[in-house]
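The values are calculated or read from the model by the stated rules, or taken from the named source; none is laboratory data. These numbers were taken from a predicted model, which means no experiment stands behind them. Methodologically, a virtual Cβ is constructed for each residue, glycine included, from the backbone with ideal geometry; neighbour enumeration extends over all protein chains shown.
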Amino acid sequence: MASYFGSIVQHSLDALLEDESFLPDLKEQDREQAFTSLTAILSTPNHIHKSFLRIALENGKVVRIPAFRVQHNNTLGPYKGGIRFHESVNEEEVMNLASLMTLKNALHEVPFGGGKGGVVLNPRDYEVKELHQICKKYVHYFSDILGPDKDIPAPDMGTGDREMDWMMAEYKSIRPGTTYRGSFTGKSIINGGSLGRREATGKGVYFTYRYMMHDFMNENREWLDAQENPFARTALNHDRKDLKMAIQGFGNVGSVAALEAYRCSHLNNKIVAVSDRNVTIYNEEGLDIPALVDYTANNEGDLPTTEKELAGLEMKAEILDREKVLYMDVDVLVLAALEGQIHKDNVDQIKAKIIVEGANAPVTGDADKYLADNGVIIVPDILANAGGVIVSYFEWVQGRETQFYSEEQIFEKLVEKMEETMVTILPQFFGDPFPLRQNCYIHAVMKLSTVLYRQGKLY
Ligand code: NAD
């Protein structure tokens, strides 16, 4: 397994192979063979679908845009994963993200497998009518492999409820008479979407951090104090009231996580920096997050970039380069923008002792190891950003039942599900020397391996 993702899966399998209490019926040669099968199954996707979408642009030209759908594994249920519109989309990235979805769903006991889609384009370069064509063509080209019981896409970077509404409508016209509402999640509310889906990932990101570093800490302080594990020290040192936080990315995930932190009534979080594709906004005394959320809602998602714009908000803050957010002297850094933001060339400048991954894979393998060796707790993507897929699952269920839950019910169910995962993972993590990411992977791989074994798929 070449990728960083692959190497963590392999470490998880190696650890489980040694642990004789795991699948105890498998002995000696049978055990070796079963684990060789598991490596083969988990390291390769079931299917890679690629196409070139033929689009007639408004200016009369015809272009062909590369598009992917990767179906990694459906042992636990239909494939599930977002469709990303971004110019850097490529087959390997889509494959890695699809594999991550398989394990994320396994970790949180969501009855879906893992998939991912991508189209190589910058949506800002296209007219609305062209984007509509692209969405329709995507569904048209992949209609045989998509569907509510086969593969259920959702939004990702560059796509949102508008695109999911268009795609579901196209699916419905290609496959009339099916339970089409369950074919896409992340739709608008009026079109069968779930209340709370837009906020789900950001809320889940903040909840994961809060539960781990405060609720769990408060209940287990004495036990944590007795642990040798260096991460337990980091957690105990973090247990203060005046915590400073910086957030990279102020889109769907980052802005909601920022609002949750800002409004968290029983903790005194101070969000001193937020950033986006253009700038970092910084104020030592803390930023007015609701004002910035309002501003971005009226400015195509972008934060203020000039003193004049800040003055218009009556806000005192400094405007810095967009990378500066990463190097702030803060307690918590939330990464909610892109992959690979902390890497071997900048990791030694990171000061935060807690990093929360709202984005997928924002820390590279080299940087991950360096930070773990220095006692930094990374709350990994697989644990922290699952809120979106969990509420997508609720949307899929509601679509099938044609009965809808209130926003309050959705958030209650979301928090309950994420808490269930953490109750299993956290004692394991603070009780042994593996980083949290490795612990989560071991748990997810255990679940998948057990199901594969019981289904007779390992020999
Ligand atoms: P978004 O498009 O709404 O927001 C992205 C934010 O990142 C914007 O503020 C943008 O300006 C900023 N950004 C872009 N390039 C940047 C750069 N080079 N440096 C700093 N900031 C930059 O996307 P989102 O839905 O908030 O998703 C953010 C990340 O979270 C993505 O990696 C996505 O895959 C991941 N994620 C999203 C969800 C979800 O439900 N939306 C679920 C799981 C994971």
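Here the condition is being outside any strand (DSSP E or B), under 23 Å from the mean Cα position of the chain (by Cα) and hydrophobic (A, V, I, L, M, F, W, C); of L333, L303, it holds for L303 alone. Quick one: would you say V293 is part of a helix (DSSP H, G or I), within 21 Å of A359 (Cα to Cα) and of a type outside the set (K, R)? Criteria met by V293. Restricting the first member to the stretch 365-390 and to residues that are acidic (D, E), and the second to residues that are at pLDDT below 95, the beta-carbon pairs closer than 6 Å and six or more apart or on different chains are D381/N360. Taking the stretch 396-408 as the range and being more than 15 Å from the ligand (Cβ to nearest atom) and in a helix (DSSP H, G or I) as the test, the residues that pass are V397, Q398, G399, R400, E401, E407, E408.
How many of the residues making up the stretch 1-26 are among the hydroxyl-bearing types (S, T, Y), free of Cβ contacts under 8 Å to residues at least 24 places away in the same chain and closer than 28 Å to M95 by Cα? Walk me through it before giving the result.
First, pick out the residues of the stretch 1-26 that are among the hydroxyl-bearing types (S, T, Y): 3-4, 7, 12, 21.
Now narrow it down to the ones that are free of Cβ contacts under 8 Å to residues at least 24 places away in the same chain: 21.
Cutting the leftovers down to closer than 28 Å to M95 by Cα gives us none.
Looking only at that region, the number is 0.
Every condition in (1) surrounded by 23 or more Cβ atoms within 10 Å (Cβ to Cβ); (2) among the hydrophobic types (A, V, I, L, M, F, W, C); (3) within 16 Å of the ligand (Cβ to nearest atom) holds for F411 except the one numbered (1). Contact annotation: residue pairs with Cβ atoms under 6 Å, 6 or more positions apart or on different chains, pairing a residue in the stretch 250-261 that is charged (D, E, K, R) and modelled with pLDDT of 95 or more with a partner that is within 11 Å of the ligand (Cβ to nearest atom) and not in a loop (DSSP other than H, G, I, E, B), are E260/K203. Can you say whether I190 is surrounded by fewer than 23 Cβ atoms within 10 Å (Cβ to Cβ), in contact (Cβ under 8 Å) with a residue 40 or more places away in the chain and either more than 15 Å from the chain's Cα centre (by Cα) or closer than 30 Å to L426 by Cβ (or both), as far as the supplied structure shows? No: the conditions fail for I190.
The set of residues in the stretch 319-356 that are within 9 Å of the ligand (Cβ to nearest atom) and acidic (D, E) comprises E323, E339. Of H11, H49, which residue is outside any helix (DSSP H, G or I) and of a type outside the set (K, R)? Answer to the check: H49. Entry remark, the stretch 267-290: residues being in a strand (DSSP E or B) and out of contact with any strand residue (DSSP E or B) (no Cβ under 7 Å at 6 or more places or on another chain) number 0 in total. The condition (being surrounded by fewer than 19 Cβ atoms within 10 Å (Cβ to Cβ) and either within 16 Å of the ligand (Cβ to nearest atom) or under 20 Å from G186 (Cβ atoms) (or both)) is satisfied by just one residue among I134, I83, I145: I145. Selection of the stretch 278-310 for residues being within 14 Å of the ligand (Cβ to nearest atom), of a type outside the set (V, I, T) and free of Cβ contacts under 8 Å to residues at least 40 places away in the same chain yields Y295, A297, N299, E300, D302, P304.
This table checks each residue for (1) in a helix (DSSP H, G or I); (2) hydrophobic (A, V, I, L, M, F, W, C); (3) surrounded by fewer than 19 Cβ atoms within 10 Å (Cβ to Cβ).
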| residue | (1), (2), (3) |
| --- | --- |
| G388 | yes, no, no |
| V391 | yes, yes, no |
| F394 | yes, yes, no |
| M418 | yes, yes, no |
| P427 | yes, no, yes |
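For the stretch 163-183, the tally of residues that are under 27 Å from the mean Cα position of the chain (by Cα), of a type in the set (A, V, I, L, M) and surrounded by fewer than 21 Cβ atoms within 10 Å (Cβ to Cβ) stands at 1. I need a count of the residues in the stretch 235-266 that are part of a loop (DSSP other than H, G, I, E, B) and within 16 Å of the ligand (Cβ to nearest atom). Residues meeting the conditions: 3.
As for the stretch 436-457, it holds at least one residue that is over 30 Å from D348 (Cα atoms), touching a helix residue (DSSP H, G or I) at 6+ places or on another chain (Cβ under 8 Å), outside any helix (DSSP H, G or I) and not small (G, A, S).
Just to be sure, is I377 closer than 22 Å to R233 by Cα, surrounded by 24 or more Cβ atoms within 10 Å (Cβ to Cβ) and more than 16 Å from the ligand (Cβ to nearest atom)? Yes, satisfied.
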